[in-house]
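Colleague: Have a look at this one before I ask anything.
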Amino acid sequence: MTFEQKLAAFAELAVKVGVNIQPGQHLLINTSVETLPFTRLVVQQAYKAGAGRVHVQLTDDVISRAFYEGAAEAEFEKYPKWIVAQRDELIENKGALLWIDAQDPDLLAGIPVERIVAQQKAGGEALHNYRQAVMSDQIAWSIVAVPSEKWAAKVFPHLPEEERMNAMWEAIFKTVRVGEGDAVALWREHVANLEKRATQLNDKRFKKLHYKAPGTDLTIELPKAHIWASGSSKTPQQTTFIANMPTEEVFTLPAKFGVNGYVSNTKPLVYQGNIIDGFTLTFENGKIVKAEAKVGQQLLEQLIANDEGSSYLGEVALVPHASPISASNILYYNTLFDENASNHLAIGEAYPTCYEGARDFTKEQREEHGINTSITHEDFMIGSADMDIDGEHYDGTIEPVFRKGEWAF
Ligand code: ZN
Ligand code: ZN
């Protein structure tokens, strides 16, 4: 396949498999000017697939940074109502939402943490309706990513400048199974495999998972009604979509107050255009009681202090160390990729779809069932070739789940 053919196949994949656009459906694309040539292809593909109207909301890394550098302090506490209204209208019309990410991992490096945190909080609170719709799969949504110059330079600093973008494109094509034949068919097969894993774990119905690795000794209790899910989701209208491309994980939620011990990250976390790394979190009855980072300590502390739910976990995800993204040995500095190369957890909001019957629960009902709610949902990577995980059954028997970073069954 030529580069142009792969590009076209990727655009088609985002539309047909990612958000799985339906006839007449509206599509909102959130992206940045760095992705324009690819985004134009996606828009064309969307109309070809029958989309009613495609709206592209563009940002620009330089302009985004200028806001954080130059705006008045009070602005960071506010969030534009029209952005909230734009998303709410899309949700009301049962439109689909596509993110095309290309962000420079160091976009907001050096910006006062208070500004970043205040804006993140203001946005998180203003967009509560949108967050609920996304977290409970009320609308079809998907995230893909394409290279930008700055991002490619971060990932391939050792390559000559003129080769970086191409190396990045090829790496991304591989992770989304483009270029090896019929990508749509390959995805069907891939998703079926992930679903098989989720079904196995649902049948086992573990009471607890016990993680052991250098820097990690953590016990996570799972609620009795937990559901292991794969990257394939369904709207209430029964439209399937893939929320993350790539996706290699199966995931569920923890019992909010059932996490104890400590866990260390194994890949850097890029949070709000800044890097947090070399960190260990200590848990007592679900709550993070200690957070220590070698890089980004202040931002990590702020992330955990976003709201009450930000100091509890909301996601438990399993990814074998030998997953294709991990085997590529590329550190992407982007959670969409790095989380799919590693076992991970998320701080903050849990997916109600991972708990029997909770999809339409109110926030209060979720909390009553020990399902964490928060304006935060931030995945961080903890997997390695040294990680063992044991599952504890309700009768007390122990079964290996992971050995040396790989599935034990
Ligand atoms: Zn995840
Ligand atoms: Zn997550």
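Colleague: Using the Karplus equation 6.51 cos²θ - 1.76 cosθ + 1.60 (θ = phi - 60°), what ³J(HN,Hα) coupling, rounded to whole Hz, does each residue of region 219-224 give in order, writing x for Gly and Pro?
Modeller: For region 219-224, the Karplus-derived couplings read 10, 10, 7, 9, x, 4 Hz, x marking Gly and Pro.
Colleague: Could you give the distance between the Cα centres of region 210-234 and region 322-350, to the whole Å?
Modeller: 15 Å
Colleague: Got a number for carbon plus sulfur as a percent of region 3-175's accessible area, 1.4 Å probe?
Modeller: Roughly 54 percent of what the probe reaches on region 3-175 is carbon or sulfur.
Colleague: May I ask for the distance between the Cα centers of region 268-303 and region 45-75, given as a whole number of Å?
Modeller: One Cα centre to the other: 28 Å.
Colleague: May I ask you to order 343-356, 67-80, 267-280, 321-334 by the average number of other C-beta atoms within 10 Å around their residues, highest value first?
Modeller: By packing density, highest mean first, the sequence is 343-356, 267-280, 321-334, 67-80.
Colleague: Another question about this same structure. To the nearest 20 debye, what is the magnitude of the charge dipole of the chain about its Cα centre, counting +1 on the Cβ of each Lys and Arg and -1 on the Cβ of each Asp and Glu?
Modeller: I would put it at about 820 debye.
Colleague: Follow-up. Using modelled amide H (1.01 Å from N, peptide plane; none on Pro or chain starts), what sits under 5 Å from the amide H of TRP141, excluding residues fewer than 5 places away?
Modeller: LEU97
Colleague: To continue, here is another question. Which entries in LYS212/LYS267; LYS208/LYS287; LYS196/LYS404; LYS207/LYS287; LYS234/LYS363; LYS212/LYS363 show an alpha-carbon gap greater than 25 Å?
Modeller: Check vs 25 Å cut-off fails for LYS212/LYS363.
Colleague: Still on this structure, I have one more. Where nothing but the Cβ of Lys and Arg (+1) and of Asp and Glu (-1) is charged, how large is the charge dipole of region 174-260 around its Cα centre, in debye to the nearest 20?
Modeller: With only Lys, Arg, Asp and Glu charged at Cβ, the dipole is about 380 debye.
Colleague: Rolling a 1.4 Å sphere over the protein heavy atoms, what is the accessible area per residue of the chain, to the nearest Å²?
Modeller: For the chain, the per-residue accessible area is 42 Å².
Colleague: Taking H as built 1.01 Å from N, whose amide H comes closer than 5 Å to the amide H of TYR355, not counting residues under 5 places away?
Modeller: Those lying under 5 Å, H to H, from TYR355 are ILE227.
Colleague: Moving on to the next point. Output the antiparallel fraction of DSSP beta bridges having both residues in the chain, as a percent to the nearest 5.
Modeller: Taking every DSSP beta bridge with both residues in the chain, the antiparallel ones total about 75 percent.
Colleague: From the square roots a ≥ b ≥ c of the eigenvalues of the alpha-carbon gyration tensor of region 3-175, which class results: rounded (a/c under 1.5), prolate (a/b over b/c), or oblate?
Modeller: Because a/c hits 1.5 or more and a/b fails to exceed b/c, region 3-175 counts as oblate.
Colleague: ³J(HN,Hα) across region 250-267 via Karplus (A = 6.51, B = -1.76, C = 1.60, θ = phi - 60°), whole Hz, x for Gly/Pro?
Modeller: Here the 3J(HN,Hα) series is 10, 8, 8, 10, x, 5, 3, 9, x, 10, 9, x, 9, 9, 10, 7, 10, 9 Hz.
Colleague: Over region 348-409, with every protein chain in place, what whole percent of the accessible area is carbon and sulfur at 1.4 Å, could you tell me?
Modeller: On region 348-409, the fraction of accessible area on carbon and sulfur atoms equals 48 percent.
Colleague: A further question on this structure: Under the rule a/c < 1.5 gives rounded, and otherwise a/b versus b/c splits prolate from oblate, where does region 304-409 land using the Cα gyration tensor?
Modeller: The shape class here is oblate.
Colleague: Please list, ordered by chain and number, the residues whose modelled amide H lies under 5 Å from the amide H of SER384; skip anything fewer than 5 residues away on the same chain.
Modeller: Under 5 Å from the amide H of SER384 lie the amide H atoms of ASN343, each far enough along the sequence or on another chain.
Colleague: Okay, next question. Rounded, prolate or oblate for the chain? Axes are the square roots of the Cα gyration tensor eigenvalues, ordered a ≥ b ≥ c, and the cut-off for rounded is a/c under 1.5.
Modeller: rounded
The values are calculated or read from the model by the stated rules, or taken from the named source; none is laboratory data. The structure displayed is predicted, hence computed values, not measured ones. In this analysis, Cβ positions are derived from the backbone assuming ideal geometry, glycine residues included, and neighbour counts consider all displayed protein chains. Side chains are part of the model used for accessible areas, which takes the heavy atoms of the whole protein and leaves out ligands, DNA and RNA. Shrake-Rupley method; radii C 1.70, N 1.55, O 1.52, S 1.80 Å.
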